[in-house]
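What follows is one structure encoded as structure tokens, with my remarks underneath.
The values are calculated or read from the model by the stated rules, or taken from the named source; none is laboratory data. Every value quoted in this text rests on a predicted model; they were computed, and no experiment measured them. Using ideal geometry, Cβ is built from the backbone for each residue, glycine included, and neighbour counts are taken over all protein chains shown.
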Amino acid sequence: MAEIVLGIGTSHSPMLSLSPELWFKPQEGDKRNPDIVDPTTGMSATYDEVLQHADPKIAQGLTQEKFDAQFKACQKAIGTLEKTLADANPDVAVIISDDQDEWFFDGNMPTFAIYWGDSVPIVPIEMPEGSLSPYRNAMWGYGDVAMDVPVESGLAKHLIETLVDREFDVAHFRELKEEYGGTVARHYPTSGNGKEVFSRTTEPHRMGLPHGFAFIVRRIMNGKTIPIVPVFQNTCYPPNQPSPKRSYALGKAISEAIKSWDSDKRVCVIGSGGLSHFVVDEEVDQMALKGMKERDGALLSSLPRARLNSAASEIQNWIAASAALEHLNMELIDYVPVYRSPAGTGGGWCFARWT
């Protein structure tokens, strides 16, 4: 039978591949970001609304010196995870992450999905010439060289079959399209009429492995690519998001499935994304880390859903991964809450391993 020998949890923000002297620049985009959710209410909010009750001390800490130190800490943590994976040398990595307007749109948005083709391409992301987004300089972190990543389709198929037997309705796919595009409506809670705040349309374009998975290949594997199994959770987009309790149950079922796979291969389980963003919520981050460190499934399953809207929902990728890794010991490599504006926008960037 297969064995889970290692676990990894990592944030995958573009800030992690962006020079620290540019960390001030994303706040300009934050002022126009319709994906912002106020963690104190769980409601969609504008930058100015979040700014009204932000701690004034946040603005005082926005210095280049601090950004430089935080960037260094994040790079050191990523390097630690890269070495940890290389030293363990597993045969396959099961990566649990989410899709954000990449392969899934309103035409098809499954709660859970597993890709089980023989390989999956990485297509370097190219922003238009003249783009004012500072993240144009960070796209290398999701793959700067076109390549085909091998997929352990045998394990992926076994996961699909086993999870269905355990009453998880898992979508499967093993064919990819030449181009992806579409519209996703954000049905985040509002204090108004309850309608979606906005819709974002992505024009059809070549799209390879979504960024939450590609970050693992580019930054954590970093040239020592091993076969993967991409497991998707729709953490970001209501109305069919899994609850934290369901994500925890998914992780437990994934663990059972891997251990029942008729193979002697050694498996690494990886949770990719989070923690809180686009507004930093250190309190909910620490709740999640406490639950993972202490193997407290009840705490992880009861994290307040109102504080897991928008991109903070990626905490659920960690919940699922940690549930699959409870037989191992969690070590927090680093937790770096990065505030990049007076309103507290930014993210709780986090890195951990289970050995």
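What the table below lists for this structure:
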quantity	calculated
Pick from the stretch 1-41, criterion touching a strand residue (DSSP E or B) at 6+ places or on another chain (Cβ under 9 Å), more than 12 Å from Phe278 (Cβ to Cβ) and hydrophobic (A, V, I, L, M, F, W, C), ranking: surrounded by the most Cβ atoms within 10 Å (Cβ to Cβ)	Ile8
Residue tally, condition over 13 Å from the mean Cα position of the chain (by Cα) and in a helix (DSSP H, G or I), over the stretch 206-220	4
Qualifying residue in the stretch 86-96 (condition: of a type in the set (D, E, K, R), within 26 Å of Gly223 (Cα to Cα) and assigned to a loop (DSSP other than H, G, I, E, B))	yes
So Leu332, is it touching a Gly at 6+ places or on another chain (Cβ under 7 Å) and either closer than 23 Å to Lys83 by Cα or surrounded by fewer than 24 Cβ atoms within 10 Å (Cβ to Cβ) (or both)	no
Sole residue being touching a residue at least 24 places away in the same chain (Cβ under 8 Å), touching a Gly at 6+ places or on another chain (Cβ under 6 Å) and surrounded by 17 or more Cβ atoms within 10 Å (Cβ to Cβ), chosen from Ser44, Ser97	Ser97
Selection count, the stretch 33-56, where residues are part of a loop (DSSP other than H, G, I, E, B) and either modelled with pLDDT under 90 or within 19 Å of Cys236 (Cα to Cα) (or both)	11
Conditions (1) at pLDDT below 95; (2) farther than 22 Å from Ile36 by Cβ; (3) not acidic (Asp, Glu); number of the one not met by Ser247	(1)
Subset of the stretch 286-311 that is at pLDDT 95 or above and basic (Lys, Arg) - its residue that is surrounded by the fewest Cβ atoms within 10 Å (Cβ to Cβ)	Lys290
Residues of the stretch 154-171 classified as surrounded by 17 or more Cβ atoms within 10 Å (Cβ to Cβ) and either part of a loop (DSSP other than H, G, I, E, B) or not β-branched (Val, Ile, Thr) (or both), total	6
Spans of helices (runs of 4 or more DSSP H) in the stretch 221-301 with at least 2 residues charged (D, E, K, R)	244-260, 282-293
Residue pairs meeting the criteria (Cβ under 8 Å; at least 6 apart or on separate chains; first surrounded by 18 or more Cβ atoms within 10 Å (Cβ to Cβ) and of a type in the set (Val, Ile, Thr), in the stretch 51-79; second modelled with pLDDT of 95 or more and in a helix (DSSP H, G or I))	Ile78/Leu16; Ile78/Arg219; Ile78/Ile220
Residue match in the stretch 127-137 (condition: surrounded by 15 or more Cβ atoms within 10 Å (Cβ to Cβ), in a loop (DSSP other than H, G, I, E, B) and at pLDDT below 95)	yes
Neighbours by Cβ (under 7 Å, 6+ apart or cross-chain): first from the stretch 277-291, within 16 Å of Ser302 (Cβ to Cβ) and of a type in the set (Val, Ile, Thr); second in a helix (DSSP H, G or I) and modelled with pLDDT under 95	Val284/Arg307
Any hit, the stretch 315-327, residues being surrounded by fewer than 24 Cβ atoms within 10 Å (Cβ to Cβ), on the phi < 0 side of the Ramachandran plot and either more than 17 Å from the chain's Cα centre (by Cα) or not basic (Lys, Arg) (or both)	yes
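Yes or no, residue by residue, for (1) under 23 Å from Trp349 (Cβ atoms); (2) in contact with a strand residue (DSSP E or B) (Cβ under 8 Å, 6 or more places away or on another chain):
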{"residue": "Glu179", "(1), (2)": "no, yes"}
{"residue": "Ala185", "(1), (2)": "no, yes"}
{"residue": "Phe198", "(1), (2)": "no, yes"}
{"residue": "Ala214", "(1), (2)": "yes, yes"}
{"residue": "Phe232", "(1), (2)": "yes, yes"}
{"residue": "Leu250", "(1), (2)": "no, yes"}
{"residue": "Glu256", "(1), (2)": "no, no"}
{"residue": "Gly274", "(1), (2)": "yes, yes"}
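Conditions (1) under 21 Å from Ile78 (Cβ atoms); (2) in contact with a helix residue (DSSP H, G or I) (Cβ under 7 Å, 6 or more places away or on another chain), marked per residue:
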| position | (1), (2) |
| --- | --- |
| Ser199 | no, no |
| Pro204 | no, no |
| Ile216 | yes, no |
| Cys236 | no, yes |
| Tyr248 | no, yes |
| Ile254 | no, yes |
| Val269 | yes, yes |
| His277 | yes, yes |
| Val284 | no, yes |
